[in-house]
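The block underneath contains the structure these notes are about, expressed in structure tokens.
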Amino acid sequence: MTGGVALIAEELGITASEPSSPPMHEIRTATFDMQIWLVDRWTGTPVNAAPDEHDAVAWSETSDLDSMRLAHESYLSMLTAVLAG
């Protein structure tokens, strides 16, 4: 997840440690590869470090997912599956 750690720093302004377990969920297509990791420890305070790319950063409950405007419609089922596991 080395690239993911750099992405987290770029997007949220925090430093996360390398995960010690495999990804929680993976999505692979011919043009797309996403791995989802649980990050439960980090250094810094999460902020919207890329406001030109994101509307906001917020802590949310699972029940809030239905009302969120997500970047892609498939994210809702993916997030629901990951959070249920």
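Taken together, the values in this text are just the output of simple stated rules run on the coordinates, not laboratory data. In this text the structure is predicted, and so the values were computed from the model without any measurement.
Across segment 62-78, coupling constants 3J(HN,Hα) worked out from phi with the 6.51/-1.76/1.60 Karplus curve, θ = phi - 60°, read 4, 5, 7, 4, 4, 9, 7, 8, 8, 5, 9, 4, 6, 5, 4, 5, 5 Hz, and Gly and Pro carry x. Given their separation in residues at 0.36 nm each and the Cα-Cα distance between them, V47 and T29 gain 3.5 nm when the chain is fully extended. Highest mobility in the GNM of the chain, judged by mean-square fluctuation with C-alpha springs under 10 Å and restricted to A50, A30, A16, is found for A30. Compared with the alpha-carbon gap, the fully stretched path from L7 to D40 is longer by 10.3 nm at 0.36 nm per residue.
For the chain, the calculated P(r), taken from all Cα-Cα distances in 10 Å bins from zero up to the bin holding the longest distance, is 14, 43, 41, 2 percent. Taking amide H positions as placed in the peptide plane 1.01 Å from N, state which residues far from H25 in sequence (5 or more) or on other chains have amide H under 5 Å from it. Amide H neighbours of H25: I36.
Subtracting the Cα-Cα distance of T15 and M68 from their residue separation scaled by 0.36 nm leaves 16.5 nm.
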